[in-house]
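Here the structure comes first, spelled out in structure tokens, and everything after it is commentary.
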Amino acid sequence: MKTVLNIKSSLFQQQSQSSQLSATLAQQLLGEQDQLVTRDLATEPVPHLTAERFTAFLTPAADRTPEQQAVVAYSDALIDELRAADVIVLGLPMYNFGVPSTLKAYFDHVARAGVTFQYTAEGPKGLLTGKKVYVLATRGGNYQGTPADTQTSYVRLFLNFIGITDVEFVYAEGLALGEAHKTQALEKANAAILELAA
Ligand SMILES: Cc1cc2nc3c(=O)[nH]c(=O)nc-3n(C[C@H](O)[C@H](O)[C@H](O)COP(=O)(O)O)c2cc1C
């Protein structure tokens, strides 16, 4: 029995291309005994990291105020959900040349020294090992393989930092370049999804 975590980071619900593609793959990866968990960062946004919130992370458990305990408990719950997942399927739209700010806020709450990574004499070591991540990346334009695709390297770097090294991307690009282009891009992405789930 495995747990599949579908993280959606689009602003939109039903109309979201990345959410639709990621939900399709998550469903297709599910066996009869498997569990699907969905985290929608639009309907339940993670707050921006602030000095107060980050200080709560750094404060030893015994010294935390009730407010700091609540902040840490919230971050712990996000991390527990991630830790419990065997497979993570991330819907990743491109917004203004980067990842959605909701996803950045989520990353800022799951990057915790001593919890999801630790500093060692050899450098930082990720602690969330043994997971597979599929990223369904949707864009209005075409960026894959160009320096303008900052999303792929950033998301891969972040996941590697917390120990997740098995990361595979499926792209649906050129979605704003006309109906024919959009249909073709979505067909290609759906075909890739079928292959990944086979
Ligand atoms: C606020 C906003 C900003 C966007 N910025 C970009 C961009 O910088 N580059 C791009 O190729 N497409 C951009 N797009 C188009 C989206 O990447 C595209 O519509 C994609 O399908 C969004 O995924 P979603 O439907 O899951 O939200 C933007 C769309 C929105 C709503």
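Coordinate-derived values only; no laboratory data. In this text, all values refer to a predicted model and were calculated from it rather than measured experimentally. Here the Cβ is made from the backbone with ideal geometry for all residues, glycine too, and neighbour counts use every protein chain on show.
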Using the Karplus curve 6.51 cos²θ - 1.76 cosθ + 1.60 with θ = phi - 60°, what ³J(HN,Hα) values do you get for each residue of the stretch 107-115, in whole Hz, with x for Gly and Pro? 4, 5, 9, 10, 8, 10, 4, x, 10
How large is the Kirkwood hydrodynamic radius of the stretch 3-197, in angstrom, based on all distinct alpha carbon pairs? 17.6 Å
For the chain, set up a Gaussian network in which alpha carbons nearer than 10 Å are linked by springs, and say which option among Ala111, Ala51, Ala85 fluctuates the most. Ala51
Which aspartates and glutamates have a Cα lying under 15 Å from the Cα of Lys8, excluding residues fewer than 8 positions away in the same chain? Asp40, Glu44, Glu81
Going 7 Å from the Cα of Glu44 along its beta-carbon direction, which residues of the stretch 55-83 have the amide nitrogen within less than 16 Å of the resulting point? 71-83
For the chain, modelled as a GNM with alpha-carbon contacts under 10 angstrom, which of Ala105, Ala77, Ala62 fluctuates the most? Ala62
I need to check one value: relative contact order of the stretch 3-197, counting alpha carbon pairs closer than 8 Å and at least 6 residues apart, in percent. 23 percent
Taking 0.36 nm per residue of separation and subtracting the Cα-Cα distance, what length does fully extending Thr129 through Asp80 add? 16.3 nm
On a straight-distance basis, which aspartates and glutamates could pair with Lys131 in a cross-link, Cα separation under 12 angstrom, same-chain partners fewer than 8 positions away excluded? Asp86, Asp166, Glu168
Let me check I've understood the local charge: for Gln68, count other residues with C-beta under 10 angstrom from its C-beta, Lys and Arg +1, Asp and Glu -1. What total comes out? -1
Anything over 28 Å Cα to Cα? Flag those among Lys2/Lys104; Lys2/Lys182; Lys125/Lys188, in the order listed. Lys2/Lys182; Lys125/Lys188
What is the mean projected area of the alpha carbon convex hull for the stretch 42-82, to one decimal in square nanometres? 3.3 nm²
Degrees separating the helix 66-84 axis from the principal Cα axis of the chain, which is the longest one: 40 degrees
Taking H placed 1.01 Å from N in the peptide plane, check which residues at least 5 places from Asn6 or on another chain put their amide H under 5 Å from its amide H. Val37, Thr38, Arg39, Val89
Tell me, Tyr154, Tyr134 in order of fewest to most beta-carbon neighbours within 10 Å? Tyr154, Tyr134
Per residue of the stretch 171-178, what does 6.51 cos²θ - 1.76 cosθ + 1.60 with θ = phi - 60° give for ³J(HN,Hα)? Whole Hz please, x for Gly and Pro, Karplus curve as stated. 10, 10, 10, x, 6, 9, 9, x
